[in-house]
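Below you'll find the structure, written out as structure tokens, and then a few comments.
Any read-out appearing in this document is the output of simple, stated calculations on the displayed coordinates, not a laboratory observation. Here the structure is a predicted model, which means the values were calculated and not measured. Counting neighbours? That spans all protein chains shown, and the Cβs are built from the backbone with ideal geometry, glycine included.
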Amino acid sequence: MKVAWEAKDGLETIALLKKSDCNVLVMDLLMPRLGGSELISKAVQIRPNLPLIVLSMYDEKPYVLESIRAGASGYITKTSPSVELLDSIRHASRGDFFLCSAVSMYMKDILKNSNVQPLHTKLTRREDQVFRLLIAGKRVNEIAQSLCLSQKTVSTHKASVQEKLQAPSLPDLVKYALKHGLALNDTL
């Protein structure tokens, strides 16, 4: 392992992600000039397949959950043993998720006790078809033609999909699809 680069704040992190290569990003949660879930989301947008580990002094549930929801591949506290930092990097580089022991126990309980299904599992068959065509880059009129529906019907399905997935715009739908590993190509 070697450090590819270091950034002094969130904006520099974004700039370096755009022009430099690395295999795993380890970032502080609260960085100056851009931090938290906003920085995580921007990093995931720029490099969707780059494993991102949050290194933070905070071990409270809201910080951990917000980081994971924003796209972090792992979360480790600054008080964790250094071996856990190395383990988190190794796990992330293999595509695995990692939580340090300080937060692992209560997060396992949260995940075990919640039967929360991803939002897209609640879409109807037709809504799912429209959703997948939208994220594949098809326009409403193209979708209407390929599914033999009116444009108004497709627009209604699109609005329903956006509401169910809590994604107010097409880029938000694409972001949702990337976050949940859904294909962005035409599946029909």
Which of the lysines could be linked to LYS179 by a straight reach, that is with a Cα gap under 21 Å, when you skip same-chain ones fewer than 8 residues away?
LYS18, LYS42, LYS61, LYS108, LYS112, LYS122, LYS138, LYS158, LYS164
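In the neighborhood of PRO48, defined by Cβ-to-Cβ distances under 13 Å, what is the net charge if each Lys or Arg adds +1 and each Asp or Glu adds -1?
Working: positive: LYS42, ARG47, LYS175, LYS179; negative: none.
Combined, the nearby Lys, Arg, Asp and Glu give +4.
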TYR75's amide H: which non-local residues (gap 5+, or another chain) put their own amide H closer than 5 Å, with H modeled 1.01 Å from N in plane and none for Pro or chain starts?
VAL54, PHE98, LEU99, CYS100
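If contacts are Cα pairs under 8 angstrom and at least 6 residues apart, what is the relative contact order of the chain in percent?
Relative contact order for the chain comes out at 14 percent.
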In Å, the C-alpha Rg and Dmax of the chain are 18.9, 59
Which order results if SER155, SER73 are arranged by neighbouring Cβ count within 10 Å, fewest first?
SER155, SER73
Report the local net charge at GLY10: Lys and Arg +1, Asp and Glu -1, summed over other residues whose C-beta lies under 10 Å from its C-beta.
-1
